[in-house]
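Here the structure is laid out as structure tokens; the discussion comes afterwards.
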């Protein structure tokens, strides 16, 4: 039970001691002290029964999202953009009253805006992570399954949550045309031919290429450290040492001879992407992205005969499921591999 005491000053002191919790507060009016004590007792009963505290009445979804952002790593641009969008679309809702109807309306609005099933599923997964953080880090009694159930229900709306695996690779003719365009363009400030050649020799993403530092290049081992490499579970601190194969080393070696510190390629990844897209448009090369170079580079490594562990070391993939999305083995590749194997066996005999 709460104790309400009148102080010599004329103010009222409310004290609640229950289930190991002891809190007190002072008020000008007795009724305010009684109301506060009653609310606190309800909260204590709730905590005793469930292990979690009820969400405060004035607490909004935006408050939870902002709390998550302050305490947790928000990652890259995509995560930050999703954070801003969730705040905009759901932030004004009372967290205590967040329910499946709110998420139904949220999905309707996202579909109307043109978002696909994969994007909406990612939005809901992020919201689910925030709700779990609120329950287990802030001990709020929250429906953590709410976002998960809404994500599962996307299938009933005929919204596919599986992305289409891309298998586009640049042809040799397309690469020849691109390299000739960049080499002959005196206004081209970014050495796109060199950067693309490096991408094809290493399987690196454009942001990885633009972030590797000369200080992380090991001259003796001919390797480089890629820091905070992309990973579905943990990017921050995911530093990987990868070998620089002969074609890649031939590009890096003269740069090291010139300088020993700073980025190997001191250019913004977004600028590299823009320059690549602009060249494709200029040359009439349809549906080709910089990231497609990674697909070709990975497939070429397998065509050379490298094993799955060898290729995974270069690409940074942890599982075969992740790696095989970048592997586009063709019928002629199998014939070539068998021919090379037969030739080796004949020479050995």
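Mind checking the log10 I(q)/I(0) for segment 187-286 at q = 0.12, 0.19, 0.20, 0.24 Å⁻¹? Debye, one equal scatterer per Cα, no solvent, two decimals. So the normalised log intensities work out to -0.41, -0.97, -1.05, -1.36.
Most fluctuating residue of 289, 166, 23 in a GNM of the chain with Cα springs under 10 Å: which is it? Taking springs between Cα atoms under 10 Å, the residue moving most is 23.
Restricting attention to the chain, close to 95% of DSSP beta bridges with both partner residues there are antiparallel. What the Kirkwood sum gives for segment 49-208 is a hydrodynamic radius of 18.9 Å, with every pair of different alpha carbons counted.
Our summary gives segment 189-324 a relative contact order of 31 percent, counting only alpha carbon pairs under 8 angstrom and 6 or more residues apart. Between helix 77-90 and the chain there is an angle of about 30 degrees, using the helix long axis and the longest principal axis of the Cα atoms. Here the residues 205, 303, 31, ranked from fewest to most Cβ neighbours within 10 Å of their Cβ, fall in the order 31, 303, 205.
Summary of packing: across the peptides 60-67, 216-223, 106-113, the per-residue average of other C-beta atoms within 10 Å ranks them, highest first, as 60-67, 106-113, 216-223. Rounded to the nearest 10 degrees, the inclination of helix 172-184 to the longest alpha-carbon principal axis of the chain is 90 degrees. Packing, taken as the mean count of other beta carbons within 10 Å per residue, orders the peptides 253-261, 80-88 from highest to lowest as 80-88, 253-261. Every pair of different Cα atoms in segment 104-177 enters the Kirkwood calculation, which places the hydrodynamic radius at 14.5 Å.
Principal-axis analysis of the Cα atoms of the chain puts helix 117-136 at an angle of about 40° to the longest axis. Taking every alpha-carbon pair in the chain and binning the separations at 20 Å intervals from zero gives 21, 41, 25, 11, 2, 0 percent.
In terms of surrounding Cβ atoms within a 10 Å radius of their Cβ, 265, 198 rank from fewest to most as 265, 198.
Each Cα pair under 8 Å and six or more residues apart adds its separation to the average, and for the chain the resulting relative contact order is 11 percent.
Once a ≥ b ≥ c are taken as the square roots of the eigenvalues of the Cα gyration tensor of segment 163-224, is the result rounded (a/c under 1.5), prolate (a/b larger than b/c) or oblate (a/b not larger than b/c)? Since a/c reaches 1.5 but b/c is at least a/b, the shape of segment 163-224 is classed as oblate.
Each residue, residue 144 and residue 256, gets one label point 7 Å from its Cα in the Cβ direction; the gap between the two is 4.8 nm.
Any read-out appearing in this document is the output of simple, stated calculations on the displayed coordinates, not a laboratory observation. Here the structure is a predicted model, which means the values were calculated and not measured. Heads up, the Cβs are rebuilt from the backbone with ideal geometry, glycines too, and the neighbour counts pull from every protein chain shown.
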